[in-house]
1. Quick one: would you say M128 is over 18 Å from the mean Cα position of the chain (by Cα), outside any loop (DSSP other than H, G, I, E, B) and within 24 Å of E87 (Cα to Cα)?
2. Looking at region 275-291, can you tell me whether even one residue there is buried (at least 17 other Cβ atoms within 10 Å of the Cβ), assigned to a helix (DSSP H, G or I) and touching a Lys or Arg at 6+ places or on another chain (Cβ under 7 Å)?
3. Give just the number: which of (1) touching an Asp or Glu at 6+ places or on another chain (Cβ under 9 Å); (2) of a type outside the set (F, W, Y); (3) part of a loop (DSSP other than H, G, I, E, B) does N296 not satisfy?
4. Residues of region 217-248 being buried (at least 20 other Cβ atoms within 10 Å of the Cβ) and hydrophobic (A, V, I, L, M, F, W, C), which ones?
5. Among the numbered conditions (1) at pLDDT below 95; (2) surrounded by 15 or more Cβ atoms within 10 Å (Cβ to Cβ), tell me where A329 comes up short.
6. Look through region 162-204, keep the residues that are closer than 30 Å to E260 by Cα and of a type in the set (F, W, Y), and return whichever of them is farthest from the chain's Cα centre (by Cα).
7. Of all the residues that make up region 64-107, how many are on the phi > 0 side of the Ramachandran plot and surrounded by fewer than 22 Cβ atoms within 10 Å (Cβ to Cβ)?
8. Mind checking which pairs have a first residue in region 277-296 that is at positive phi and a second that is of a type in the set (K, R), Cβ under 9 Å, 6 or more apart or different chains?
Amino acid sequence: MFRSILSPLRTITSFSSSTTTAIFNTHTFLTHKPLRNFSTKPWFSDIFDISKVPRYKPCTLSPTMQSYTKHFPSESEPLVSLSFNGESRIFILTMLGNETPDNRLTHKFIGEALLPAIAHVEHQWDEMLSSGQSDQGAALVTTAGMSDSAKIFSNGLDLEKAIADPLFFDTHLNKLCEKLLTLPIPAIAAVNGHAFAAGFGLACAHDYRIMNAKRGYMCMNEIDFGAPLPHGLQMTIASKISDQKTMRKVVLEGHRFSAEEAFQAGFVDGLADSPKETLEKALQLAEKLKGKAKMNAWGTNKEVIYANAVKAVRMKHDEATRLLYAPRAKM
């Protein structure tokens with residue numbers, strides 16, 4: 001036994017000096033960082049540049065910014081309003097129900113109103129970062145109004161028009177989900193009333209949801225009218241619902257979740273007693289969370305925890321559908 005142990009040692013000591021040099025050079029190569037090949041996946045340090053982390057003087061706050069309200073697509077044809085409070089640094093995106101009273105996620109509503117409004121929020125955040133005014137953070141709250149007549153958050157797609165356009169999911173619905181899933185500041189949905197089908201998905205694309213407990217249900221009712229659930233939409237919902245029993249109830253049963261049920265299931269984060277209080281509680285949560293964005297890591301970390309959903313909404317809808325249903329087609 002001792003002979004077998006010593007034998008390799010004799011072999012090692014019999015190495016020539018050239019072999020020793022080769023081993024040393026190999027060790028040096030392995031312990032030094034190899035040259036980067038930017039044609040492959042980026043290094044973590046390429047993504048996280050410490051020099052771009054905002055630096056602030058302690059106890060010194062940037063001055064109050066100017067408050068304003070904008071309308072999209074235009075002031076003369078408003079489908080959404082976007083208000084910015086320069087003191088609190090909170091954006092309020094209000095769906096006005098002017099194209100459809102139930103805020104259907106149509107080509108026009110998404111493409112000309114919601115996406116440009118969210119792009120504006122993102123641009124303003126970039127401006128805050130570059131000008132040193134991000135020290136208090138920022139947040140977005142989305143609502144469909146706070147009047148007692150505001151019964152619906154969003155009633156989903158105009159399905160016939162959506163499926164008639166082969167690019168709708170890529171250029172509109174998935175893009176909307178992606179923008180909210182990766183928004184670099186906290187995004188909170190103030191669900192004032194019903195959120196059905198893609199309206200449910202719109203709420204789930206936000207980071208948090210506050211819901212009116214006195215009126216409204218959240219429901220994925222595609223199962224009841226025979227519509228396959230789009231992969232990007234399903235993964236967006238799954239990013240906020242980890243429990244498979246709950247997902248089964250959502251997707252396969254088309255269960256209508258009351259606000260209390262949704263809260264108990266964990267995909268609603270707070271309850272209120274009216275549309276007005278729903279918005280107020282959403283703003284309180286935004287105030288609490290906004291500072292977490294000030295070091296500019298909120299969006300990056302969202303892409304980590306929502307990785308599967310982000311990957312799904314960035315995949316071409318036709319490709320995702322082919323991968324999902326091709327095995328079934330061969331049966």
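1. yes
2. Yes, region 275-291 contains a residue that is buried (at least 17 other Cβ atoms within 10 Å of the Cβ), assigned to a helix (DSSP H, G or I) and touching a Lys or Arg at 6+ places or on another chain (Cβ under 7 Å).
3. The number of the failed condition is (1).
4. M218, C219, M220, L233, M235, I237
5. Just one mismatch for A329, condition (2).
6. The selected residue is F196.
7. The initial filter retains those residues of region 64-107 that are on the phi > 0 side of the Ramachandran plot, namely 89, 97, 103.
Then drop every residue that is not surrounded by fewer than 22 Cβ atoms within 10 Å (Cβ to Cβ), which leaves 97.
Residues in region 64-107 being on the phi > 0 side of the Ramachandran plot and surrounded by fewer than 22 Cβ atoms within 10 Å (Cβ to Cβ): 1 in total.
8. Partner pairs satisfying both residue conditions: N296/K52.
The values are calculated or read from the model by the stated rules, or taken from the named source; none is laboratory data. Everything numeric in this text was worked out from a predicted model, so none of it was measured. Cβ sites come from the backbone with ideal geometry, for glycine too, and all protein chains shown count toward neighbours.
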